[in-house]
Amino acid sequence: MTVDVLENPPLEGGGPMGSAPAVRPVDTARLRRIVTEDYGFLWRSLRRLGVPEADTDDGVQRVLGVLARRLHEIAAGAERAFLFQTAVRVASEMRRSQRRSRLTLADGDLHDPHDEAPGPDAVLEQQQARRLLDQAIDELDIDLAAVFVLFELEEMTTAQIAVLLAIPPGTVSTRLRRAREEFKKTANRLRARHDATRRNA
């Protein structure tokens, strides 16, 4: 794992306009602990929010750069919430800038770099399901995708998601219901197209 922000952490803070900046050294021990504990979660989140595998490391660096600059503002215990909220914004920016029509994932693109590599049989069995899953999530609005990813893939509760995203539990439930409806429609459409392609092959 290469995390540039740990090698050269930025100084935090800044003074009033026209005055010398009030720099604040970054708490590198705390920063390193957060990265160690949540790197895998952050990497998976960016991938599942539609950031291509080739750009995920760049997205991670962007999120961690924001984390390092604002670390002094984040209360103890709120680090993961801050990471995910920042990841949602970064993923949204990257999705818009790429303006890709649809992401086609290669085998194992959702593999967490901290996990052991799956065997070849498992990869073959999961290939089609993963491609379908990721294409369907990629077509969701970013706010719906965030709730869907946390509930269905990270297996968080509605209450936990509400805290993580700083939104009311009712909003989580509404977004989750909409996300499931849209995901189901998109997945059915993609599956039908896949089946038609196989029949015509």
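Of the residues Ala75, Ala68, Ala81, which single one is touching a Pro at 6+ places or on another chain (Cβ under 6 Å) and at pLDDT 90 or above? Explain how you work it out, then say what you get.
Values: Ala75 fails: touching a Pro at 6+ places or on another chain (Cβ under 6 Å); Ala81 fails: touching a Pro at 6+ places or on another chain (Cβ under 6 Å).
Of Ala75, Ala68, Ala81, the one residue that is touching a Pro at 6+ places or on another chain (Cβ under 6 Å) and at pLDDT 90 or above is Ala68.
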Name the one entry in Val51, Val60 that is in a loop (DSSP other than H, G, I, E, B), among the β-branched types (Val, Ile, Thr) and closer than 20 Å to Ala146 by Cβ. Val51
How about region 137-184: which of its residues are among the hydroxyl-bearing types (Ser, Thr, Tyr) and assigned to a loop (DSSP other than H, G, I, E, B)? Thr157
Among the numbered criteria (1) of a type outside the set (Gly, Ala, Ser); (2) surrounded by fewer than 21 Cβ atoms within 10 Å (Cβ to Cβ); (3) touching a residue at least 12 places away in the same chain (Cβ under 8 Å), which one does Ile161 miss? (2)
Among the residues that make up region 185-201, is at least one of them in a loop (DSSP other than H, G, I, E, B) and modelled with pLDDT under 95? yes
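How many residues are loosely packed, with under 15 Cβ neighbours inside 10 Å, on the phi < 0 side of the Ramachandran plot and without any contact (Cβ under 8 Å) to a residue 24 or more places away in the chain if we restrict to region 64-87? Before you say what the answer is, go through the steps one by one.
Keep residues of region 64-87 that are loosely packed, with under 15 Cβ neighbours inside 10 Å, which gives 70, 72-73, 75-78.
Next, from what is left, pick out any that are on the phi < 0 side of the Ramachandran plot: 70, 72-73, 75-76, 78.
Within this subset, residues satisfying the condition of being without any contact (Cβ under 8 Å) to a residue 24 or more places away in the chain are 73, 75-76, 78.
Qualifying residue count for the region: 4.
The values are calculated or read from the model by the stated rules, or taken from the named source; none is laboratory data. All values derive from a computational prediction rather than experimental measurement. Glycine also receives a Cβ, built like all others from the backbone with ideal geometry; neighbour counts cover every protein chain displayed.
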